[in-house]
Amino acid sequence: MSRFYYWGPLLFHTKLKDDDLEKVEKLCNKNEDLNHRSELAGHIQGEYKIDSKSLETILEEYFDDFRGTYQHWYNSYNDFYINSAWVNYMKKAEYNPVHTHNNCDLSAVLYLSIPDEIKKENEAFEGNGNDNSGPGEINFIVGSRTPGFINHKNFMPETGDMFIFPADLMHSVAPFKSDVERVSIAFNMRYKI
């Protein structure tokens, strides 16, 4: 099952099968030799590189679906490959500020674990404003707020959700207060030339 949203750029959303999710989880660990923290925008202590080629092999079926959606959306197509990937072990009070990704054409995020405590915290959140993200949500933003425009999409992700989007699409992740760990994989892709 996949979705795309009619607004500015293509924001592709799909869900991984449990067995594929287990394969991806095996690529992840907290190996300090693979610490990726210094190259990333997030205020997250636990960020570690993972094997891009192995991830690409596991995700090939989902990329086929994305290729068809991309062709439909843009009426053209550029094939791609993963050029970097990392796992984020996000804890309470950590967050990702509004940012984009460099040295790539497409970016993606895949959720390995979204604890129920964060979901409950999000449901109880009483924020205001159209572009206000609740605890643990990812927020995608196009330009500034303009009357009559849809310039943002917020999602409280579920385990197994994967989003693929243009690398220059602004996005952020709101902090949460629960004493749990939210695990996601982010990866960047380049077009094959």
Over the chain, with a Gaussian network built from C-alpha contacts below 10 Å, which listed residue (Ser178, Ser76, Ser54) shows the highest mean-square fluctuation? Ser76
Spelling out what I want: for every residue of the stretch 152-166, take phi, set θ = phi - 60°, compute 6.51 cos²θ - 1.76 cosθ + 1.60 (Karplus), and round to whole Hz; glycine and proline get x. 8, 9, 10, 9, 8, x, 10, 4, x, 5, 9, 10, 10, 7, x
Amide H of Gly46: which non-local residues (sequence gap of 5 or more, or other chain) have their own amide H closer than 5 Å, using H built in the peptide plane? Tyr89
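For each pair in Lys17/Lys192; Lys91/Lys153; Lys92/Lys192; Lys53/Lys177; Lys119/Lys192; Lys53/Lys120, compute the distance between the two Cα atoms and list the pairs where it is over 31 Å. Please report the intermediate quantities before stating the final value.
Working: Lys17/Lys192 27 Å; Lys91/Lys153 23 Å; Lys92/Lys192 38 Å; Lys53/Lys177 35 Å; Lys119/Lys192 38 Å; Lys53/Lys120 36 Å.
Beyond 31 Å between Cα atoms: Lys92/Lys192; Lys53/Lys177; Lys119/Lys192; Lys53/Lys120.
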Picking from Ala124, Ser54, Asn139, whose Cα lies most toward the positive end of the charge dipole for the chain (charges on Cβ: Lys, Arg +1; Asp, Glu -1)? Asn139
dims of the stretch 126-193, Cα set, principal axes, largest to smallest, nearest Å -> 47, 37, 15
Gain in length, Lys49 to Ile150, computed as 0.36 nm per residue apart minus the alpha-carbon separation, to one decimal in nm? 33.0 nm
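If you put +1 on each Lys and Arg Cβ and -1 on each Asp and Glu Cβ, how big is the dipole of the chain around its Cα centre, in Debye rounded to 20?
Numbers: 20 positive and 30 negative charges, 88 e Å.
The calculated dipole for the chain is roughly 420 debye.
Report, in deg cm²/dmol and to the nearest 500, the calculated mean residue ellipticity at 222 nm for the chain, where each DSSP H run with n ≥ 4 adds -39500 (n - 2.57) and the sum is divided by the residue count.
Calculated mean residue ellipticity at 222 nm is -6500 deg cm²/dmol.
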When the Cα centres of the stretch 42-60 and the stretch 112-165 are compared, how far apart do they sit, in Å? 22 Å
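Considering just Cα atoms, how many Å³ per residue does the convex hull of the chain enclose? All intermediate terms of the calculation are to be shown ahead of the outcome.
Numbers: hull volume 23.8 nm³, N = 193.
Output value, Cα hull per residue: 123 Å³.
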Extension gain, Asp168 back to Arg67 (0.36 nm per residue minus Cα-Cα distance, nm): 34.5 nm
The simple spin-label model distance between Asp116 and Lys192, using points 7 Å out along Cα→Cβ, in nm, is 4.4 nm
The ³J(HN,Hα) series, computed from each phi in the stretch 46-51 with the Karplus coefficients 6.51, -1.76 and 1.60 at θ = phi - 60°, rounded to the nearest Hz and given as x for glycine or proline, is x, 10, 9, 4, 10, 6
Calculate the spin-label point distance for Asp79 paired with Asp105, positioning each point 7 Å from the Cα along the beta-carbon direction, and give it in nanometres. 1.2 nm
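So for the stretch 32-120, what percent of the C-alpha to C-alpha distances run longer than 17 Å? Write down the numbers at each step before the final one.
On the way: 2347 of 3916 pairs.
The proportion of pairs with Cα distances above 17 Å equals 60 percent.
None of the figures in this text is laboratory data; all of them are computed from the coordinates on show. This is a predicted model, so every value here is computed, not measured. Every residue, glycine among them, receives a Cβ derived from its backbone with ideal geometry; neighbour counts consider all protein chains shown.
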